[in-house]
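Heads up, the thing below is written out as structure tokens.
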Amino acid sequence: MFFEGSEKKLEIIVNESAPKLRSLDRTFWLGLVAASNADILSSISNEYCDAYLLSESSLFVWDDRIVMLTCGASTLVESACYCIDHLSEQAIAYICYQRKNEYYAHLQATSFTDDVFRLRQFIAGQAYRMGHLDSHHHYIFSTDKDYQASQLDTTNELLMYHISGAVADYLRGEQQSTIQISQMLQLEQLFNGFSIDQYLFSPLGYSINGIRGAEYFTIHITPQENSSYVSVETNIDLSSTPVDVFAELVRLLQPSSCDIIGFNSHIANKPFLNYLCLSHCAMPIEQGFTIHFNHYQQDCSELLSPTLL
């Protein structure tokens with residue numbers, strides 16, 4: 001059974017002329033999520049943030065911004081257009097739209113090139129590719145409005161491919177529980193003090209959102225044997241945590257390869273035990289972000305099994 005775990009990501013920041021996003025009624029968010037061909041499964045909230053667990057990943061809403069991730073064959077670009085259309089282009093301060101290379105790109109409703117063409121019907125911006133086409137690579141569309149991000153506006157993404165070991169075996173088993181998965185991933189230690197919302201999909205798949213004040217983390221696991229994928233994203237300062245969060249998750253899930261994508265990241269070019277950083281780059285953009293991309297591979301050879309097509 002195949003499912004495209006690799007996600008698309010959208011971040012939209014609004015200016016002072018826009019309404020506070022958390023004041024918008026549920027109809028707006030239902031429409032936004034439906035534009036991506038997804039559904040809201042559950043939600044949690046605190047004083048700063050509303051976190052929605054989706055049938056296709058997650059949506060986080062603060063007063064001045066949203067972060068939305070969708071997987072599968074979702075059409076996240078349509079959620080971006082929906083937001084611009086309903087709030088007005090003048091209300092938008094900044095948009096960043098991202099896509100990672102997919103396992104089966106031909107099964108997607110659109111390509112990144114299609115998405116950029118669609119976005120430019122609503123708002124101007126620049127498109128970039130980080131990485132080689134014949135290897136892991138990452139696409140980014142960024143608006144070119146006069147916006148300046150704070151250097152404290154930090155996001156770190158860890159994307160893992162072909163996980164293995166005891167945790168991966170459990171995630172592919174028939175008897176699973178959210179409690180056991182959370183314990184095996186050591187989430188209470190890695191993300192201490194977060195309110196969480198988690199969901200176990202049938203027959204396979206796991207998602208969790210966590211919020212603590214204005215901070216968030218989210219993890220999405222597609223454990224299928226031949227196309228496993230795990231994404232981890234957070235805005236906490238990983239350079240100051242008591243545990244090396246990304247290194248611990250790489251140790252537990254033992255991916256054959258992984259990527260780190262960071263915005264104003266303090267952990268750029270970090271080493272992982274038993275992994276080689278095969279490629280990396282840093283790209284400053286005029287809106288105040290420096291975007292980092294690092295690709296890692298296990299430093300041992302992999303025994304391959306031919307696949308019957």
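The values are calculated or read from the model by the stated rules, or taken from the named source; none is laboratory data. It should be emphasised that the depicted structure is a prediction, and the values quoted were computed from it without experimental measurement. Glycine gets a Cβ as well: all are built from the backbone with ideal geometry, and neighbour counts include every protein chain shown. Surface accessibility is based on the protein's heavy atoms, side chains included, excluding ligands, DNA and RNA. Shrake-Rupley method; radii C 1.70, N 1.55, O 1.52, S 1.80 Å.
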- Note on the structure: Of the listed residues (S17, S55), the one being hydroxyl-bearing (S, T, Y), free of Cβ contacts under 8 Å to residues at least 60 places away in the same chain and open to solvent by 10 Å² or more (accessible area, probe 1.4 Å) is S55
- Mind listing just one residue for me: the one in the stretch 147-184 that is part of a loop (DSSP other than H, G, I, E, B) and without any contact (Cβ under 8 Å) to a residue 60 or more places away in the chain and, of those, nearest to R65 (Cα to Cα)? S177
- Checklist (1) touching a strand residue (DSSP E or B) at 6+ places or on another chain (Cβ under 6 Å); (2) of a type in the set (D, E, K, R); (3) over 21 Å from C277 (Cβ atoms) applied to E157, failing item: (3)
- Note on the structure: Among residues of the stretch 111-143 being in a loop (DSSP other than H, G, I, E, B) and modelled with pLDDT of 95 or more, the residue farthest from F263 (Cα to Cα) is Q121
- Message: Quick check on I261: is it under 26 Å from L59 (Cα atoms) and in a loop (DSSP other than H, G, I, E, B)?
- Response: no
- Query: When only residues in the stretch 282-309 that are in a loop (DSSP other than H, G, I, E, B) and touching a strand residue (DSSP E or B) at 6+ places or on another chain (Cβ under 7 Å) count, which is farthest from F141 (Cα to Cα)?
  - Reply: D299
- Enumeration of residues in the stretch 237-249 that are free of Cβ contacts under 8 Å to residues at least 40 places away in the same chain and either buried (at least 19 other Cβ atoms within 10 Å of the Cβ) or among the acidic types (D, E) (or both): D244
- Task: State whether the residues of the stretch 37-49 include one that is in contact with a helix residue (DSSP H, G or I) (Cβ under 7 Å, 6 or more places away or on another chain), of a type in the set (A, V, I, L, M), part of a helix (DSSP H, G or I) and in contact (Cβ under 8 Å) with a residue 12 or more places away in the chain.
- Result: no
- Message: What's the number of the only condition in (1) aliphatic (A, V, I, L, M); (2) buried (at least 18 other Cβ atoms within 10 Å of the Cβ); (3) under 24 Å from N235 (Cβ atoms) that L152 fails to meet?
- Response: (2)
- Note on the structure: How many residues of the stretch 129-146 are open to solvent by 60 Å² or more (accessible area, probe 1.4 Å) and either more than 30 Å from Q224 (Cα to Cα) or without any contact (Cβ under 8 Å) to a residue 40 or more places away in the chain (or both)? The answer is 5
- Note on the structure: Counting only residues that are more than 20 Å from C49 (Cα to Cα), in contact (Cβ under 8 Å) with a residue 40 or more places away in the chain and open to solvent by 20 Å² or more (accessible area, probe 1.4 Å), the stretch 187-223 contains a total of 3
- Query: Can you tell me which residues in the stretch 8-57 are within 28 Å of A127 (Cβ to Cβ), at pLDDT 95 or above and charged (D, E, K, R)?
  - Reply: K8, K9, E11
- Does A282 satisfy the criteria of being modelled with pLDDT under 90 and within 20 Å of the chain's Cα centre (by Cα)? no
